[in-house]
Amino acid sequence: MMATTCLVLLGMHAYASKTRFRVQGQIPFRMKVLGLSFVVGLGVNVSALARARMSAASTAEAGVMYGLSLWLFLAACRVNRQRPLTVAFSHDVPQHLVRVGPYRYVRHPFYGAYCVTWLAGATAAHSVPLLLWSFVMAIQYAQAARLEERKFAKSSMADVYRDYCRQAGMFLPRCKTIWRHSVLRVLGAMYPLE
């Protein structure tokens, strides 16, 4: 069951990399390396999960992680539907900044979703090699995210992006932002402006 779940989620990520992101010019070499790492990791994860003896607890933990990854991934796809982002490691100048949906809380929800998917496989299988592979993939996603952040720092949106970085975490939400949005929502429900 977990091997199938992993395969479906990673398949969705792979499909999205071909259909949900723009390529300007040639695919960057580092994106090709990331793609190769992804394919190798997919095979290793599905194989390990198919052979693993999983406890009910690890299955439940991984199920929650896969669910979180799916939600984050689909939410990021939805808000970028009209204006797709460029593929990882592109050297384009950013044209817009997304600050809605999951981007209110994290600057790189796609990479965050991918990291959670890899980590869920390691959790389900209780596998140190899969955990290490999760770190290999997370390092590559972090490198891609850092490149994207440097692009914003050199763009006309540098000041806006710097403010955005104070509100949203790179891969994990900032607690103060979640707290502030939650309090404002409750207060808005209790004391509507109309």
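Values in this text are rule-based calculations from the coordinates and carry no lab data. Just so you know, these numbers come straight off a predicted model, no measurement behind them. Heads up, the Cβs are rebuilt from the backbone with ideal geometry, glycines too, and the neighbour counts pull from every protein chain shown.
Odds and ends about this structure:
- With helices as the sole contributors, the chain gives -23500 deg cm²/dmol at 222 nm; each DSSP H run of n ≥ 4 counts as -39500 (n - 2.57), and the sum is divided by every residue.
- Options Cys175, Val79, Tyr66, ranked by Cα towards positive dipole end of the range 2-190, top entry (Cβ charges): Val79
- The mean sequence distance of close C-alpha pairs (under 8 Å, at least 6 residues apart), as a share of the length of the chain, puts its relative contact order at 27 percent.
- Between the alpha-carbon centres of the range 3-36 and the range 112-147 there is a gap of 15 Å.
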